[in-house]
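Since the structure comes first, as structure tokens, the remarks are kept for the end.
The values are calculated or read from the model by the stated rules, or taken from the named source; none is laboratory data. Note that this is a predicted model, so its numbers are computed, not measured. No Cβ is skipped: glycine too gets one built from the backbone with ideal geometry, and neighbour counts run over all protein chains shown.
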Amino acid sequence: MCGIVGYVGSQEATPIILDGLGRLEYRGYDSAGVAVLQQANIEVRRDVGKLINLRHRVYQQPIHGSIGIGHTRWATHGVPAEHNAHPHVSMNGDFVVVHNGIVENYQELREELTAEGVTFTSETDTEVIVQLVERLAANGVHDLTEAARQTVKHLRGAHAIVLMSRHQPDRLVAIRIGNAGGVAIGVGEQENYVASDMPAILEYTRRMVFLETRQIATITADGITLQTLDGAPVEAVIHNIPYDPVSAVKGEYKHFMQKEIYEQPRSITDTIRGRIDFEHQTVHIPELNLTAERAQSLTRMVTVACGTSYYSGLVGKFFIEHMARLNVEVDYGSEYRYRDPILDANTAVLAITQSGETVDTLAALEEAREKKSLIWSIVNAIGSQAMRVADGYITMNAGPEIGVASTKAFTTSIVDQYLLALYLGQLRGTLKPDVLHRYTQDIARLPNLVGQTLELENHIEELARLFYKASNFLYLGRGINYPIALEGALKLKEISYIHAEGYPAGEMKHGPIALIDEQMPVLAIALKDSVYDKMISQIEQSKARGGKVIAVATEGDEFTSRVTWPKA
Ligand code: M6R
């Protein structure tokens, strides 16, 4: 998972940056690098594997200077290799960048720049950023902040970016767009720091400024200037971070659950990383240890999981059946072993478990092992039992989930199943290349879309104020949105202590509709999909019985907004 660290001041930058990267090691990475302005030149050292390799490289070829940036990378575009590791330098060596996020339109930008004569030295999406900055400089935009602002107008997706220029050796420029992870600026005495994660720089200062989305910071040793991307000045509010390490990790959030909700765009990016080769439109999951022959021999898949992970499995069933044409059953881990399930060597049993230690889910895996089935797991906790006992696994890459209520593990385990479906489809020959291409493009857009959804927080808070006294709630969905409704109801029960039921909307007329009256709010997931009309009809029926309906609708769907209450 990617991490960023930067420093500007009067001390040697390299040890501070390496130290900060070391504090992010827990997030995992496959390569790392550092760039420091040494006299008038940008010097870069990069290496694959553990940070110790980079440290050795720097020891053998030291770099001295008091401004620099560093990065730990988990590959998305381009294999883990030295030339793909960040920082990336522009063609003429004038600019350097580190980046978290995915440049969704990097292929078209790369083609455009290549046609203009730019030579790329990596396969990454990130490199287009620094080449765009250099193109602007060649066209007279010499100020780094301005060049950064103009560059990001060309980029689609969510990003955290830090840039350095050899022509303005006193500054770093940091930008945040959407939720590809945060940008924390550490305020020191005649020196300043920047990092994707506060723990990287907390050793040096507890005074932090957090960039909001679409803000740009110019960071020198003397100060920090904030602006919006439109150029409006923004006051830099300094937060004093308390000493205790828990609060430090919690950062600007009220509690861990909120933090983890906001981490989703980054977690999802980290989950996609390295598994899709966007250039060749192929999916790679080597940890699954699966050959095409074995994938083709499978006749069935059984997903076992508990709670939120079970609902995630119900969502994944839609992808795997559709893309890989493999029949999927989903079962509760806690029920599975008590009913003598039918399993054989041509069945793959997939356990989904954030912790990797849920006893019921592990017991279901034991049952599968005894019956000679293939065992897979989707886990978040690296090294957990479910990962160790499986024949193959896929990690969620969500980072530690400290909140008891599962949030980012739900979405990342769904992403894992989407990738599994693509991978199985590729190996089993059930996905045509153009369809695979479309699906990989779709998933690359997801982190940014999730980030946009998080921007609705204030509106959702208003709704919560209207309904917090309700004693019961119904969550309705159809198709793939039925398990989403189940998970929504679970969260309401678990967090708000309000009784809630998730129900397949089409089943309401078979009895439960009798429950709906003005005391029974209904949350209806009514997206513009193949069952949209049926969901609208369900909303009308609920309203006819006095129910108050909150619709989760597709952006711009005026019709749903008119028929639901209260107005969005
Ligand atoms: O670690 P696991 O995914 O195996 O945990 C399974 C459930 O206990 C868990 O998903 C639980 O339902 C959630 N924490 C609820 O938010």
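Side notes on the structure shown:
- Here is the figure for the stretch 375-403: residues that are among the acidic types (Asp, Glu) and closer than 27 Å to Ala345 by Cα total 1.
- Among the residues of the stretch 249-281, those that are in a loop (DSSP other than H, G, I, E, B) and either in contact with a Cys (Cβ under 9 Å, 6 or more places away or on another chain) or among the basic types (Lys, Arg) (or both) comprise Lys254, Arg273, Arg275.
- Failed criterion for Ala409 (all others in (1) more than 14 Å from the chain's Cα centre (by Cα); (2) under 22 Å from Lys250 (Cβ atoms); (3) part of a helix (DSSP H, G or I); (4) in the same structural domain as Ser355 (by TED's automatic domain parsing) hold): (1)
- A single entry from Glu287, Glu260 fulfils the requirement of being away from the ligand (no atom under 16 Å from the Cβ) and either surrounded by fewer than 24 Cβ atoms within 10 Å (Cβ to Cβ) or acidic (Asp, Glu) (or both): Glu287.
- Matching residues, the stretch 359-370, being surrounded by fewer than 23 Cβ atoms within 10 Å (Cβ to Cβ) and either under 15 Å from Tyr332 (Cβ atoms) or in contact with a helix residue (DSSP H, G or I) (Cβ under 9 Å, 6 or more places away or on another chain) (or both): Val359, Asp360, Leu362, Ala363, Glu366, Glu367, Arg369
- When Arg339, Arg325 are checked against the criterion of being more than 13 Å from Cys306 (Cα to Cα) and at pLDDT below 95, a single residue qualifies: Arg339.
- The residue pairs whose first member lies in the stretch 497-511 and is surrounded by fewer than 12 Cβ atoms within 10 Å (Cβ to Cβ), whose second member is of a type in the set (Gly, Ala, Ser) and at pLDDT 95 or above, and whose beta carbons are closer than 8 Å, counting only pairs six or more residues apart or on different chains, do not exist in this structure.
- Selection status of Leu419, free of Cβ contacts under 8 Å to residues at least 12 places away in the same chain and under 20 Å from Ile484 (Cα atoms): no
- Taken over the stretch 380-401, the criterion of being closer than 22 Å to Trp74 by Cα, surrounded by fewer than 20 Cβ atoms within 10 Å (Cβ to Cβ) and hydrophobic (A, V, I, L, M, F, W, C) is satisfied by Ala381, Ile382.
- First in the stretch 368-386 and touching a residue at least 60 places away in the same chain (Cβ under 8 Å) and more than 16 Å from Glu401 (Cβ to Cβ), second anywhere and outside any helix (DSSP H, G or I) and within 13 Å of the ligand (Cβ to nearest atom), Cβ under 6 Å, 6 or more apart: Trp376/Leu350
- Within the stretch 351-396, the set of residues being within 13 Å of the ligand (Cβ to nearest atom), in a loop (DSSP other than H, G, I, E, B) and among the β-branched types (Val, Ile, Thr) comprises just one member, Thr358.
- The number of residues in the stretch 30-61 that are surrounded by fewer than 23 Cβ atoms within 10 Å (Cβ to Cβ) and within 26 Å of the chain's Cα centre (by Cα) comes to 6.
- Any chance Val183 is modelled with pLDDT of 95 or more, under 23 Å from the mean Cα position of the chain (by Cα) and in the same structural domain as Thr220 (by TED's automatic domain parsing): no
- Selected residue (only one of Pro483, Pro521 is touching a Phe, Trp or Tyr at 6+ places or on another chain (Cβ under 6 Å), closer than 24 Å to Ser312 by Cβ and surrounded by 21 or more Cβ atoms within 10 Å (Cβ to Cβ)): Pro483
- Hits in the stretch 292-324 (condition: free of Cβ contacts under 8 Å to residues at least 60 places away in the same chain, more than 16 Å from the ligand (Cβ to nearest atom) and of a type in the set (Val, Ile, Thr)): Thr299
- Qualifying positions in the stretch 136-165 - over 19 Å from Ile224 (Cα atoms) and charged (D, E, K, R): Lys153, Arg156
- Residues of the stretch 331-350 satisfying the condition of being assigned to a strand (DSSP E or B) and within 23 Å of Asn397 (Cα to Cα): Ala348, Val349, Leu350
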